[in-house]
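Step one of this worksheet: look at the structure below.
The values are calculated or read from the model by the stated rules, or taken from the named source; none is laboratory data. Computed from a predicted structure; not experimentally measured. With ideal geometry, Cβ positions are generated from the backbone for all residues, glycine too; neighbour counts draw on all protein chains shown.
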Amino acid sequence: MSPNEILEWFKQTPVDKAWSFNGCKPSDTGKWTHGYHRYPAKFIPQLVEHLMDCYITNGTASINDPFMGSGTTIVSAISRGLCASGTDINKVAHLVTKAKATPIKPDYLEKRVKQFLSSICNFQDNKQGFLFSKSQMHPQIPEKHLERIDYWFAEEARDELGKILALILDETDQAVQAFFFVALSHVLKTCSIWSQSSTKPTRDMKKRPTPPADAIKRHLSKMLKGNAYFYAVVPSHVKENLEHYLNVQTSSAKAQAVPDDSVDLIISSSPYVTSYEYADLHQLSTIWLDLADDLKEYRKQFIGTSYKQYEDRSLFSQIASDIVEEMVFKNKKKGKEIEAFFIDMQEVFDESFRILKPGGRCCYVIGNTKLKGVDIRNAEAFAESLQHSGFKLDRLIKREIPLKILPQKRDEKTGRFASNDKANSEAYPTEYIVIGLKE
Ligand SMILES: C[S@@+](CC[C@H](N)C(=O)[O-])C[C@H]1O[C@@H](n2cnc3c(N)ncnc32)[C@H](O)[C@@H]1O
């Protein structure tokens with residue numbers, strides 16, 4: 001299709017109500033292990049499941065997500081007994097996905113959690129900690145991030161978190177340890193002065209943070225239920241041989257550790273240009289779990305970041321080039337950031353093409369936005385770019401996002417997500433699923 005035909009195709013495509021999942025309750029979207037960890041712009045599992053219903057007809061299929069985030073695609077694939085591979089540059093995403101996709105025997109996990117909680121009670125009841133050896137009781141506070149930790153946490157919370165971390169580091173079963181790390185990572189926001197209503201790093205000096213031990217107890221009990229439910233749905237052959245079915249990495253979406261022609265279906269949602277700075281949004285977890293030595297360098301590896309270094313690479317999509325040109329005219333720096341974003345995505349689509357089997361499909365979920373008055377037609381540009389990578393444009397789904405599921409709005413001036421009351425335009429009342437076929 002020519003660029004004009006693509007633009008027309010998008011204009012003519014009506015909203016398909018079957019893809020809104022209007023009736024979904026939080027208990028549906030947070031079922032199984034999906035409620036382990038919050039994650040900005042995460043999928044609802046129902047969307048992923050519906051795509052699998054449409055395109056997967058055999059029980060031995062292989063599913064991939066190059067931007068796996070909190071692992072919605074990966075968990076859904078594992079729940080169906082399929083092979084799941086994925087990557088994300090964000091180390092928090094890797095940790096969360098691995099834990100969410102690993103079903104643990106419920107009785108056994110319950111015992112380990114009980115033990116863990118009783119150790120926490122001991123140090124809560126007895127601040128001297130006589131039941132512990134000195135090394136266990138010593139709070140493990142990552143020294144090199146002390147300044148950032150003190151920026152976000154009161155002294156008491158910091159010390160309690162350090163003791164919880166010390167207990168987790170003592171856990172010898174890796175799957176159980178990852179389960180605890182995810183619980184800790186999830187509660188960090190509640191225990192800090194990070195504004196509870198903000199996704200972005202904003203301090204709320206009036207906030208009364210929840211004591212870490214209370215927060216983690218409550219969250220572990222929720223996670224235990226999620227694990228038990230997930231354990232019951234994952235087929236036995238997968239539980240017995242999980243390493244064969246689950247391949248998740250921390251690496252770039254442009255170079256996955258996945259063989260050529262091996263994947264049946266890709267279901268993914270990319271980052272957006274200069275919208276969420278994922279490295280910054282997960283900084284509490286990154287500093288506590290010591291996931292990055294150099295935060296500045298870490299940020300640059302994320303697609304869509306404004307910390308990007310520009311290289312001499314060419315943009316192939318005409319639609320993307322027109323957007324860049326319009327933006328450069330208004331704001332050169334922003335224009336260059338958008339250009340870097342579309343070029344990065346071009347390389348991701350090439351990689352998608354490489355790993356898919358002939359007859360396989362990629363499904364990219366993406367919304368459009370407005371930035372400094374310029375229409376950023378991500379979806380149309382993605383469609384054209386997929387063609388450049390060798391895909392045939394197979395199907396376009398336009399879906400409404402019920403605001404109760406994704407109640408975020410974008411600020412029209414900056415294009416960044418903002419809280420509902422502050423934003424002056426709705427984020428994604430609709431979004432697209434652009435589907436490419438490797439013939
Ligand atoms: C919209 S989120 C994906 C959310 C996911 N669908 C879910 O359900 O949680 C986009 C993801 O892209 C990741 N990302 C950004 N740059 C990347 C890169 N160069 N390679 C791989 N992943 C990257 C971000 O860390 C983020 O997790």
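Taking the range 1-20 only, how many residues are more than 16 Å from the ligand (Cβ to nearest atom) and either surrounded by 18 or more Cβ atoms within 10 Å (Cβ to Cβ) or in a helix (DSSP H, G or I) (or both)?
Number of matching residues: 12.
Wholly within the range 21-120, which helices (runs of 4 or more DSSP H) include no fewer than the required count, namely at least 1 residues that are small (G, A, S)?
26-29, 72-79, 91-100
I'd like the full set of residues that are touching a residue at least 12 places away in the same chain (Cβ under 8 Å) and within 13 Å of the ligand (Cβ to nearest atom), limited to the range 284-304.
Correct list: S285, T286, L291, A292, Y298, R299, Q301, F302, I303, G304.
Between a residue in the range 85-98 that is of a type in the set (S, T, Y) and modelled with pLDDT of 95 or more and any residue that is more than 8 Å from the ligand (Cβ to nearest atom) and not in a loop (DSSP other than H, G, I, E, B), which pairs come within a Cβ distance under 6 Å, given they are 6 or more apart or on different chains?
These pairs meet every condition: S85/N64; S85/N247; T87/Q249; T97/I74; T97/V248.
Which members of the range 215-233 meet the condition of being more than 30 Å from R158 (Cα to Cα) and touching a helix residue (DSSP H, G or I) at 6+ places or on another chain (Cβ under 6 Å)?
Matches in the range 215-233: A228, Y231, V233.
What tally of residues in the range 257-268 results from selecting those that are within 16 Å of A93 (Cβ to Cβ) and surrounded by fewer than 22 Cβ atoms within 10 Å (Cβ to Cβ)?
Result for the range 257-268: 1.
In the range 238-349, which helices (runs of 4 or more DSSP H) lie fully inside it and hold 1 or more residues that are modelled with pLDDT of 95 or more? First the steps, then the outcome.
On the way: elements: 242-245, 278-281, 283-288, 295-300, 318-330.
Where helices (runs of 4 or more DSSP H) fall fully within the range 238-349 and carry at least 1 residues being modelled with pLDDT of 95 or more, they are 242-245, 283-288, 318-330.
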